[in-house]
Each structure stands twice: as C-alpha cells, then as structure tokens.
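The values are calculated or read from the model by the stated rules, or taken from the named source; none is laboratory data. In this text, all values refer to a predicted model and were calculated from it rather than measured experimentally. Backbone-built Cβ (ideal geometry, glycine too); neighbour counts: all protein chains shown.
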Amino acid sequence: MDFKEKKVLLRVDFNVPLVRNKVADDFRIKASLKTVNNLLKKGAMVLLLTHLEADGKTPGLGAVASRLEKLLKVKIKFIKGKIPVDPCEYPERVWLFDNLRLNPGEKKNDRDFAKQLARWGDYYINDAFAASHREHASIVGLPKFLAHGAGPLMKAEIKNLSKFFSPKHPFLFILAGKKFATKEPLVNKFIKKADAIFIGGSLANTFLKKRGIDVKRSKVESVTIPDDILWSHKIILPEDWKIGEGSIYDAGPKTIRTLAELAKNAKLVLWNGTLGLCEKGYTYGTRELGMTLGKSKAFRLVGGGDTVAAIRKMKLEKNFDFISTGGGAMLEFLAKGTLPGIEALKKK
Ligand code: 3PG
C-alpha cells in the first residue's frame, strides 16, 4: 500500500478502563502507538476507530483522546458523538472518532454503517486483535468496502500466540479465572498439546470440589467436567490456599513452589487468569508466579485484561516475552486458531 497523503482507517482497541473519566490503564493505547507513528512516517493520515464499553455503558472518548494526544505528542482531531454521515476535512494528521458503539449499526454489523465508515478513508487496517472476535461493522463489515490489511500489533499477536499450536516441550499452560464452559474448548485442545495445565482461580474450586476436596464456602459451578479432563495426570490443581470470608481466594506457597518447578523446566509458558482475587487484595499467588516466571528461560506469554492489569500494577512486565492485548479474543484465537476479524481480512 502506498500511504502517501492517503487516509487510513485504523481499527484499534482502546477499550481501556476509565476511573472518574480518566484512563486508568493505557496499556492498549501504548500498544498501538508504533502503528500510528509508522503510518504517519509513511505520509498517511490516520483515522482511528475504537469501541469502549464497561458495565454495558458506552462512554464518550474525550479522556482517551487526551491521553492519546499526550502519548503521541501530536495534535489530534477528536470527532465527538456519532460518526457524521458525510466525511469532513480537518487539518490534523491524526483523527479519533468517538466510541463506535454510540452508532447502533456497529454492533449490528450493519452494511450501510460499514459503507458510511468506508467513505471516510482510502484504506482499512485492522490492528485491533483484542476486538477481532466480534462480528461488528468496524471489524468484519468495513474490509468489504476498502483495500485492507492487518496491522503490526495484529501480526505480532498472531505470531506469538501461534507458537502454542505446535509447541516446544515442556509446555506449561496456566489457566485461571471462572466459567468452565468458556474455557472447556481450550482445555480440550491443550490437554493434547501441553505437558501440564495448571488450573487456578475460582475455576480451580470447581475442579477441587469435583475431586471430592473440601472447598469451604467457595463458589463452585454446577457443570459437568468430563472424567478424562478432571482426572487427567496433566491437570495440576492448587495444593494449598489462602482463605478469606470462608472461601478459597488465592493459591498458597506449596502451590507456587510446584508452579515454580514446572516453570523452571518449561520451554513455553502460556498464562491467562489471576490466581487469586486481586480486586479484594488477594495478590499473593499472582505476584509470586509473576516473579518466579522472571527466572524461567521459557518463552513466556501472558494475556487477559485482569491478569495484564495485575502484572502491570506489580511492575512485572519485564518477566514476559509477550503480553497479549487480548482477553476474550486471545482465548478464542487459542481455541479456534482464527477470529472473525482475521478471516474478514483474508477476503478480497
Ligand atoms: C475486550 O476488552 O475484550 C475487547 O475490547 C472486546 O470488548 P467487548 O467484550 O466489549 O466486545
């Protein structure tokens, strides 16, 4: 693509946490800066598209615009409200459209809305790996109407996550969080590929209970875990824990020692989900694991919104070879090997 004086619609994922209308964690914004700067260097005008949704609310992106301007150190044009039907002209080289989800057509993957977006630009680039599991207009609709491609962050996510499809061994998978149903396809797939799958977080409570272990008042899910998974020698569960309010809220030191031993010998480590309930202050397991991984010679990848936020708060980013921007998208990509947004880019 020749970008000189061309308008590039760049789909990014700036779905960042806002606290009192300020960006509370700018990891995802920072992850896109290189892409924006590269396009600017090639003479393009960069038209940024993103959604932001928390607790079903779709706030305006004023706070994101200010943070972006500070980080990029260039003046940006913030196009407030719904996307105007007719494209306008502005002198700035970087424009940020307001929250895409303020437009009803976005989530509905409305063809006319995608066409309306397409009129603003010459090219479409998807660098929003973290949103590419959504069949929304800006992800799967827009590439039908413009010459398109994948951005460098998207490519880096695909390259690094794909290392786990034909893995080097020993391969340790650390999977925590909740909702077995959403993790089951992943466990089914990786039980064949990994040498050990450590199950942590509240997911572990369900596994422990099914194995007949007393989990006190911990919440357990009423799901069926197939016997070949529940009793697999590859499934590693916490051996000890920290209790709060009568429930298991974190992993204990024996568990961390087992994980440290597995990590020491591993060539690949994939981690998604905090080991403890960090929002209630149960950060011990997550911090210890993050620290111990710093000593491992394995290729270490971590992802998931809460996990990455915890790692960043603990300043342990340097202990990882790649930090994925994806949450749900990372899990879906690992389970299926592709995403709707990636497939959409393959079509002419
Ligand atoms: C994420 O944070 O996982 C992505 O930005 C997708 O957000 P969504 O769940 O609101 O579609």
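Structure values in brief
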| read-out | value |
| --- | --- |
| Identity of the residue in the stretch 128-155, in a strand (DSSP E or B) and among the small types (Gly, Ala, Ser), that ends up surrounded by the fewest Cβ atoms within 10 Å (Cβ to Cβ) | 147 |
| Residue under evaluation residue 180, criteria (1) modelled with pLDDT under 95; (2) within 16 Å of the ligand (Cβ to nearest atom); (3) surrounded by 16 or more Cβ atoms within 10 Å (Cβ to Cβ), criterion not met | (2) |
| Cβ-Cβ under 7 Å pairs, at least 6 apart or on other chains, the stretch 317-340 side closer than 16 Å to residue 268 by Cβ, far side aromatic (Phe, Trp, Tyr) and in a loop (DSSP other than H, G, I, E, B) | 334/164 |
| Residue identified as more than 18 Å from the chain's Cα centre (by Cα), within 22 Å of residue 152 (Cα to Cα) and away from the ligand (no atom under 16 Å from the Cβ) among 348, 297 | 348 |
| Only listed residue being over 23 Å from residue 275 (Cβ atoms) and touching a residue at least 40 places away in the same chain (Cβ under 8 Å), chosen from 147, 204 | 147 |
| Complete set of residues in the stretch 122-175 that are of a type in the set (Val, Ile, Thr) and away from the ligand (no atom under 16 Å from the Cβ) | 125, 158, 174 |
| Given (1) modelled with pLDDT of 95 or more; (2) farther than 26 Å from residue 116 by Cβ, index of the condition residue 32 fails | (2) |
| Members of the stretch 312-338 that are more than 12 Å from the ligand (Cβ to nearest atom) and outside any helix (DSSP H, G or I) | 314, 315, 316, 320, 321, 322, 323, 337, 338 |
| Residue match in the stretch 177-184 (condition: farther than 23 Å from residue 332 by Cα and touching a residue at least 24 places away in the same chain (Cβ under 8 Å)) | no |
| Residue 341 vs. criteria in the same structural domain as residue 275 (by TED's automatic domain parsing) and within 14 Å of the ligand (Cβ to nearest atom) | no |
